[in-house]
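Reading through the structure tokens given below for one structure.
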Amino acid sequence: SVVAEDQKFSLKEVLDTFKLCLTENKEVYLEHYVAGWRGLVKFLNSLGSVFGFISKDAVNKIKILVGYLEGDNGSQYVTIQSMMKYELDSGLVDLTKRGNHPESGCRTLLRLHRALRWLELFLERLRTSSEDGKTSVMCADAYNESLAQHHPWVIRKAAGMAFCMLPGRLAFLEVMNVGTPEQVVAMLGEALPLISEVYQITEELYAQNNMLDLP
Ligand code: 1PZ
């Protein structure tokens, strides 16, 4: 039905959202960044309930950021740049250990930002994989190279078990709802530089402000 078509996840929508993220002077709009994550969560949920503990954490973080966007100081949260300046100038970030601001926008977004690196690495592997490539291996390799360094053993263990439940390469490409495998691969080729740019800009911002290790 028409409604079912509307609600069907499409990777293209997510990537279009990430396209909207950058302003002309390379600032990052929080609203579109968060919308991109919403789409990714939708995708993750469509893969099955074993990924629930992952999407739950992402949803939680999205909610925190939306709370700021829609809150009284929403105008300070238009871009990642303005959010950082506002929260730092107002002393709203726990910089070295957890304290009065355990849910600052900066530390919350940093978690999603680290996960974006995983996504970039994973999608690049998927894009360049051969027909018999294993998604679980691509996923685990990408994870070990990025997010895993920030996770304690118990989460790494749980994530590793979840990866084994991923559908195979062909099924995975199909869930993306883009078209033939060749079309998905082409779209990934277009999208990855974009995700990479958003990631790089955000990474530099965190580095410049000495916030790469926020508790
Ligand atoms: C397609 C398969 C999906 C694999 C996703 C790979 C990431 C595995 C991450 C496992 C996260 C487990 C749940 C909780 C983690 C939190 O402890 C951490 C740190 O936050 P804190 O505790 O400091 O508040 N959270 C994160 O690292 C954010 C994880 C977000 C993962 C989003 C994945 C979106 C996937 C999109 C699929 C295309």
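The values are calculated or read from the model by the stated rules, or taken from the named source; none is laboratory data. As the structure is a prediction and not an experimental result, all values here were calculated from the model. FYI the Cβ positions are ideal-geometry reconstructions off the backbone, even for glycines, and counts take in every protein chain you see. Protein only, heavy atoms only, side chains kept; ligands, DNA and RNA dropped before computing areas. Shrake-Rupley method; radii C 1.70, N 1.55, O 1.52, S 1.80 Å.
Key figures
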{"item": "Burial ranking of peptide ranges 170-179, 107-116 (average Cβ count within 10 Å, highest at the top)", "result": "107-116, 170-179"}
{"item": "In sequence order, calculated HN-Hα J values of region 126-138 (Karplus, 6.51, -1.76, 1.60; Hz; x Gly/Pro)", "result": "4, 4, 9, 6, 7, 4, 9, x, 9, 4, 4, 6, 4"}
{"item": "Set of lysines near Lys42 by C-alpha distance (under 25 Å), chain-local residues within fewer than 8 positions excluded", "result": "Lys8, Lys12, Lys19, Lys56, Lys61, Lys63, Lys134, Lys157"}
{"item": "Hz values of 3J(HN,Hα) by residue in region 191-204 - Karplus curve (6.51, -1.76, 1.60), Gly and Pro given as x", "result": "7, 4, x, 5, 4, 4, 5, 4, 4, 4, 4, 5, 4, 4"}
{"item": "Residues with amide H under 5 Å from that of His151, placed H, sequence gap 5 or more", "result": "none"}
{"item": "Cα Rg, Dmax (largest Cα-Cα span) when computed across region 1-143, Å", "result": "16.9, 52"}
{"item": "Region 10-60: C-alpha gyration tensor shape, a/c 1.5 cut-off, then a/b vs b/c", "result": "oblate"}
{"item": "Under 5 Å, built H, 5+ apart or other chain: amide partners of Thr79", "result": "Leu30"}
{"item": "Counted charge near Gln76, where neighbours are those whose Cβ lies closer than 9 Å (Asp, Glu -1; Lys, Arg +1)", "result": "0"}
{"item": "Per residue accessible area in Å² of region 118-161, where ligands, DNA and RNA are left out and the probe is 1.4 Å", "result": "57"}
{"item": "Computed E for Asp132/Gln208 - FRET, C-beta separation, R0 41 angstrom, nearest 0.05", "result": "0.45"}
{"item": "Highest to lowest packing among 153-163, 119-129, scored as the average C-beta count within 10 Å", "result": "119-129, 153-163"}
{"item": "Of all accessible heavy-atom area on region 8-78, the percent that carbon and sulfur account for (1.4 Å)", "result": "50"}
{"item": "Global geometry of region 130-169, whether rounded, prolate or oblate, following the gyration tensor of its Cα atoms and the 1.5 cut on a/c", "result": "oblate"}
